[in-house]
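Reading through the structure tokens given below for one structure.
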Amino acid sequence: MEVARITSRGQVTIPINIRRKLGVKEGGKIIFAEDNNRIFVTNAAKAAFTNMRTAFAGEAERLGLTDEQDVVALVDEVRGEMWKERYANND
């Protein structure tokens with residue numbers, strides 16, 4: 001268990017062991033979440049990545065992406081389509 005003091009401005013220094021476990025460094029962001037009257041602290045970037053992974057679950061299979069080369073090919077295709085849309089009328 002770690003203890004931290006709250007300043008008059010409501011600031012808290014997160015103990016180094018907790019920062020390491022969260023994987024946050026100077027300038028990083030954390031999230032405070034409540035669940036059943038308990039407050040949880042988590043790394044904001046990791047939480048966003050987890051939420052994104054959950055939101056996109058199954059999309060790779062749906063799109064037929066099986067490896068990194070498939071992803072690169074898809075990105076190249078989308079970039080090509082975007083380029084055509086932007087510059088098609090600029091002959």
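The values are calculated or read from the model by the stated rules, or taken from the named source; none is laboratory data. All values derive from a computational prediction rather than experimental measurement. FYI the Cβ positions are ideal-geometry reconstructions off the backbone, even for glycines, and counts take in every protein chain you see.
Each row is one residue, and each column tells you yes or no for (1) in a helix (DSSP H, G or I); (2) in contact with a Pro (Cβ under 9 Å, 6 or more places away or on another chain); (3) not aliphatic (A, V, I, L, M).
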{"site": "32", "(1), (2), (3)": "no, no, yes"}
{"site": "39", "(1), (2), (3)": "no, no, no"}
{"site": "50", "(1), (2), (3)": "yes, no, yes"}
{"site": "54", "(1), (2), (3)": "yes, no, yes"}
{"site": "75", "(1), (2), (3)": "yes, no, no"}
{"site": "80", "(1), (2), (3)": "yes, no, yes"}
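From the list 3, 71, pick out the single residue that is surrounded by 11 or more Cβ atoms within 10 Å (Cβ to Cβ) and at pLDDT below 95.
Result of the check over 3, 71: 71.
Pairs only if they're at least six apart or on different chains, beta carbon under 9 angstrom, first in the range 22-42 and surrounded by 10 or more Cβ atoms within 10 Å (Cβ to Cβ), second in a loop (DSSP other than H, G, I, E, B); list them, first residue then second.
22/14; 22/28; 24/14; 30/14; 30/24; 41/14
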